[in-house]
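A.B. asks: Following this message is one structure expressed as structure tokens.
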Amino acid sequence: MGNIKLKAALISMNSTSSRWTADAMKKYFEQVDVFDIRQIEVSMAAKEEVLHDGKPIAGYDCIYAKGSFRYNALLRAITTVLHKQAYMPIAPTAFTLGHDKLLTQLKLEQSGIPMPKTYLAATPDAGKQILERISYPVVMKFPEGTQGKGVMFADSYASASSILDALTALKQPFIIQEYIDSGGTDTRVIVVGEKIAACMQRRAKSGELRANVHAGGQGKACTIDYETSRIAVNAAKAIGADICAIDILTSAKGPLVIEVNLSPGLQGITDATNIDVADQIARYLHERTAALQGSSQEKKAKDIMKSIGAEQKQASIITHLTFRGEKIVLPGVITKLSKLTEHDEVVLQVEKGKIMIGKS
């Protein structure tokens with residue numbers, strides 16, 4: 001947007017997907033700095049700061065923070081401190097919601113997003129009571145985990161009870177979820193803002209029920225209907241993420257969301273669809289940041305107008321110019337103050353670095 005020079009930072013675990021995204025961001029932003037989340041600390045002293053190798057992270061217009069669920073608390077702390085300073089595509093609360101399958105389930109259900117029936121059990125007795133009244137097969141999994149890890153299947157009460165005994169020994173709460181027979185396939189959808197950047201159908205390898213690419217599943221490009229697209233975008237909004245992956249099953253009940261991934265891998269879906277997903281993410285980050293910067297400058301101009309008085313005949317306003325191609329678009333407050341209309345004939349006096357406009 002115009003000649004506004006924007007600075008961006010990417011905080012991640014320096015995965016291949018993150019490197020692709022950083023490289024793409026450099027095509028749009030004036031400056032892009034990359035920080036390894038494992039070298040970041042959050043200072044809770046008198047002045048809250050996010051530090052990388054002891055130096056404050058500050059002065060950015062856009063900060064894209066992402067990473068494994070293992071860094072959930074750190075990601076929440078980082079974004080809580082920095083979100084008022086820069087545009088962030090993932091809200092601080094999203095890291096708590098999106099990295100916990102139970103909280104994800106609760107939030108999506110509250111938002112009217114269709115999902116498989118799900119139950120939480122914290123004790124063996126509670127778990128066995130659930131197992132006695134549900135239909136089989138079922139899925140059993142831990143609240144945390146990605147890439148299909150920690151997901152187990154049981155086709156009968158006996159097998160589910162055995163799994164339950166093993167899970168109980170780990171002293172962790174666990175989720176029991178109805179199994180949706182989708183023929184070993186699911187659909188991964190990458191949501192970027194209000195749009196679907198790419199989607200692929202994943203098919204589990206022989207003898208495997210998990211369709212995740214990391215579990216050996218194969219992906220191929222696919223298209224989704226309006227309803228599925230709407231559900232994916234609404235699920236991302238409910239969690240508080242402008243950028244994420246939504247995994248969806250097709251069932252007799254319609255599309256069902258089974259997982260939200262705040263830091264999806266891009267290799268599999270890029271290879272399957274031939275879509276440069278990293279570039280779509282980078283372009284969106286720049287467009288969104290530029291739009292927010294423009295709104296911020298407009299607000300500053302309005303505040304100036306308010307402080308000098310709307311009826312004042314002359315005012316000096318300091319602002320950046322917005323360009324549409326080679327055309328200059330003036331802030332709305334200038335139009336209001338000048339009281340010029342599209343029907344007025346004007347005289348333009350132009351010299352290098354200066355423009356004067358007046359009625360003829």
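The numbers here are math on the coordinates, done by the rules we state, and not lab data. Owing to the predicted nature of the structure, the values given are computational and were not obtained by experimental measurement. Please note: Cβ atoms are built from the backbone with ideal geometry, for glycine as well, and neighbour counts cover all protein chains shown.
A.B. asks: So if we plug the beta-carbon distance of L330 and L51 into 1/(1 + (r/R0)^6) with R0 = 56 Å, what FRET efficiency do we get, rounded to 0.05?
C.D. replies: With R0 = 56 Å, the Cβ-Cβ based efficiency is 0.85.
A.B. asks: Using 7 Å Cα-to-Cβ label points, what is the N274/A221 separation (nm, one decimal)?
C.D. replies: The answer from the label model is 0.5 nm.
A.B. asks: For segment 1-130, what class follows from the C-alpha gyration tensor (a ≥ b ≥ c being the square roots of its eigenvalues): rounded when a/c is under 1.5, otherwise prolate if a/b is larger than b/c, else oblate?
C.D. replies: Details: a/c = 2.43, a/b = 1.89, b/c = 1.28.
Here segment 1-130 falls in the prolate category.
A.B. asks: Can you list which of the trypsin sites (Lys or Arg not before Pro) found in segment 105-206 are DSSP loop residues with at most 11 other C-beta atoms within 10 Å?
C.D. replies: Taking segment 105-206 and a limit of 11 other Cβ atoms within 10 Å, the loop trypsin sites (Lys or Arg not before Pro) found are K171.
A.B. asks: About its Cα centre, what dipole magnitude does segment 7-97 give when the only charges are +1 on Lys and Arg Cβ and -1 on Asp and Glu Cβ, stated in debye to the nearest 20?
C.D. replies: With only Lys, Arg, Asp and Glu charged at Cβ, the dipole is about 200 debye.
A.B. asks: Given R₀ = 45 Å, FRET efficiency for Q349-K26 by Cβ-Cβ distance, to 0.05?
C.D. replies: Calculated transfer efficiency: 0.65.
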